[in-house]
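Here is the structure we will look at.
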Amino acid sequence: MPDATRHLTLANGLQLTLRHAPRLKRSAAALRVHAGSHDAPAKWPGLAHFLEHLFFLGTARFPLDDGLMRYVQALGGQVNASTRERATDFFFEVPTNALAGGLERLCQMLAEPDLGIEGQRREREVIHAEFIAWSRNPQAQQQFALLQSVSPGHPLGAFHAGNRHTLALQNPAFQQALEGFHQRYYQGGQMTLSLCGPQALDELEKLGRQHASLFATGTQALQTLPSLLSPTNTRLVFTHEKLPAGAEQALELLISCLGDNRPGTWLHALRQRGWLQSFKAERLYSFAGQLLWHIDLQLSANAKPDEADALLQGWFSFIRQADLVQMNHAFGLLQLSRERSAGALELARRDSTGQPFAKLDAQGLQALGALLQGLPGQAHGQWQLPPVDPMLMADLPNAPAQPLPAALKTSDLLPGTRQYAALYLRWHLPSPLRQRLQAVLEQALAPLQERCERASVQLLFSAVGEYWQLRCAGQPAAALRAVEQALALMLKPATSCWQPSTATPPPLIPIRALLKQLPDAVVGAHPASAPASMPTQSQLDSLWQHARWHGLATGFDAAALSALGTALQHCPGQGSLPAPPPTWASHRWQHAEVPGSEHALLLFCPLPAASEASGRVLAQLLQGPVYQRLRVELQLGYAVFSTFRQVEGVGGLLFGVQSPHTRQAQILDHLLTLLRQGITLDPGARVALAEQFDEPAMANADVAEWAWQTHLATQPGTLDELRRAILKTRQTDLDQLLGTLLDKDCPWLCLANAAAPTLEWQ
């Protein structure tokens, strides 16, 4: 049954978009202000971005401790904002019963912000730290250089992020510009508010009318038209002018065609030649008929770039003459799959931008034709439109049912009615050959992973220590088809996959690089030397023969489980039980070599499985103080977080900081000082936390991951038991847990891009 939607305009000019989606478990709001960095005075670069940050510092009615950020985080929700060239977006997702509280805070902070100078001064330092991280990020700088190449006079080539030097707080003219920007653009006529959830449309409308009426009445301000986008010589960068409405949706269809790697397509032609390492196409900018987009194509050393470009132009020429109605039909099925898989937040954000998941309408098809006419083309290559991808089909694979293997456990934590299923498979492979063979499997699975991503199926192959793991999640029928194909590829990779890959993944900022290494650090894995010889199929066969595996499935109904039994008949290795999770005796420091010059640290404090409830309460209560002390008061950096995290079956407190100026040892001292101050139990926060672990209130992916982590921990449990244990947590439990954590013999793990500061951490 399709979602029900409603569109209306409030008396103050605000556009209200409502979506009733009964399948959803959470609700979301997304508010778009039709003004961004290019609308701010050129004299004050970063003003729009700075104002976006200031909104979150609290208001007279909702101070920082009770503002939108803290409110949503306390409920286990998501909240963020983004300043684009011509729009600024604010969005959050919360349990359904908390939508009203979140919406009230969102509207309040945008309509009546606290622009006090002290708050401005503190937040400017946060902006400056963000600027430093941006200036040191190679990917960010490459994109900035790309934008500067488009047109010398276009605002795309200017600096808009803001820093300590461009945000002249003491200048009265700056303060006047800041207030003027808020008054001009943060009013009803400039806004589109989208509400999405399982609530009835009338209920959503009532909430929208009640809280959005706080904004002043106004009309949409005329945004200054930019100068023309000049044609660029930068390879695989495309500029368009004077496109009709619907161009953004048309580009989405074109990018979906470009991302199809099945036989007959451009990507398949590149992969057949052994040239393709990675591909990504994305829209960089669109406004007033202008469109700028880019293909990020990484080719192998033996590739011929000119031939690759000629093939692309041949594909463009083919698409220009193809049946656009047929293409749009396939695109519609793809969009439907994406809509079924999307959560409340993604749906609300799409609605707020006027681009719901749908095939192109007549206007969109006209825009597609204009877009294609503006692309280079030539007769080159042999092409065909692939048929509809079977992964978009909702029916289960037709095959004789087989019993489930004994090594696969099933969990009923996620009901089959959710239409979201997850399968985890894990192999233990002690042989050092697994490192070389891992690269072979990664190459073999890459095309399938690309197809899965297009069809809203998550297929992830990963390695931790001596283990390989496959995770597949999404619509049950699609997940089953993906798993069956993945196992076949893992058993018999194509011949082309056995050659060494020269592809290098894009560098991550230090804190994200540390997070990627955290699972290996938890299991105590260290890089090991692999045999220098080229791996072979016989070595892979031998590895599989000696492998031991176990797994978990959740979200599959009875019919899907029967089909899953058939798919797993070819699962390699021998069935086993999960091993107990790793442990260590005392403080442990691990120095990680990661790219980037900023100081970064992760502190992971593992807890016994029996302490999960009190640990989660403690982590919840620490979020606010950690953020307030380290980010707001000490201004250590832009990236500061604290949470409860389950890693390889081990649950514990996780703290993370990336700082441009404060060293790892000092960061650790700040954390220890804060922990020693203790924490006071908030009964309301305890209740709110317990409610987060009610399955109907949890994201499906979170339910599946909790089930898997509990499986790895070899500590059977239920969400109901966890919820009851959280409600029973007392102040004495928190005090005792903190005391245990602060003991010098407590098994902490510190993962940092620096050596240990003292012998205690060796």
Give the residue that is surrounded by the fewest Cβ atoms within 10 Å (Cβ to Cβ), with candidates limited to residues of region 367-386 that are part of a loop (DSSP other than H, G, I, E, B) and among the polar types (S, T, N, Q). Gln382
Residue set Leu634, Leu602, Leu618, Leu630; condition without any contact (Cβ under 8 Å) to a residue 60 or more places away in the chain, in contact with a helix residue (DSSP H, G or I) (Cβ under 7 Å, 6 or more places away or on another chain) and crowded, with 23+ Cβ neighbours inside 10 Å; output residue Leu630
Give the residue, chosen from Gly274, Gly264, Gly246, Gly289, that is of a type outside the set (S, T, N, Q), surrounded by fewer than 18 Cβ atoms within 10 Å (Cβ to Cβ) and closer than 23 Å to Leu156 by Cβ. Gly289
Can you list residue pairs whose Cβ atoms sit under 7 Å apart, with the first residue in region 284-310 being more than 17 Å from Thr232 (Cβ to Cβ) and the second being part of a helix (DSSP H, G or I)? Count only pairs 6 or more apart in sequence or on different chains. Leu299/Pro305; Leu299/Ala308; Ala308/Leu270
Scan region 150-162 for residues that are surrounded by fewer than 19 Cβ atoms within 10 Å (Cβ to Cβ), under 30 Å from the mean Cα position of the chain (by Cα) and more than 18 Å from Ser286 (Cβ to Cβ) and jot them down. Phe159
If we scan region 60-75, do we find a residue that is hydrophobic (A, V, I, L, M, F, W, C), closer than 22 Å to Arg350 by Cβ and in a helix (DSSP H, G or I)? yes
If you take the residues in region 163-205 that are in contact with a Pro (Cβ under 6 Å, 6 or more places away or on another chain) and assigned to a loop (DSSP other than H, G, I, E, B), which one is surrounded by the most Cβ atoms within 10 Å (Cβ to Cβ)? Thr166
Just to verify a result, which residue in region 390-447, among those that are in a loop (DSSP other than H, G, I, E, B) and charged (D, E, K, R), is nearest to Leu480 (Cα to Cα)? Asp395
In region 361-376, is there at least one residue being farther than 26 Å from Leu267 by Cα and acidic (Asp, Glu)? yes
Any idea which of Asp389, Asp351, Asp323, Asp395 is over 31 Å from the mean Cα position of the chain (by Cα), among the charged types (D, E, K, R) and either surrounded by 18 or more Cβ atoms within 10 Å (Cβ to Cβ) or at pLDDT below 95 (or both)? Asp323
Could you look through region 67-84, keep only residues that are of a type in the set (A, V, I, L, M, F, W, C) and at pLDDT below 95, and pick out the one that is surrounded by the most Cβ atoms within 10 Å (Cβ to Cβ)? Leu75
Got at least one residue in region 31-49 being free of Cβ contacts under 8 Å to residues at least 40 places away in the same chain and either surrounded by fewer than 19 Cβ atoms within 10 Å (Cβ to Cβ) or in contact with a His (Cβ under 8 Å, 6 or more places away or on another chain) (or both)? no
Can you say whether Ala401 is of a type in the set (Gly, Ala, Ser) and in contact (Cβ under 8 Å) with a residue 60 or more places away in the chain, as far as the supplied structure shows? yes
Within region 535-561, residues more than 32 Å from the chain's Cα centre (by Cα) and either within 15 Å of Gln402 (Cα to Cα) or of a type in the set (Asp, Glu) (or both) come out as Asp541
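The values are calculated or read from the model by the stated rules, or taken from the named source; none is laboratory data. Source: prediction; values computed, not measured. Please note: Cβ atoms are built from the backbone with ideal geometry, for glycine as well, and neighbour counts cover all protein chains shown.
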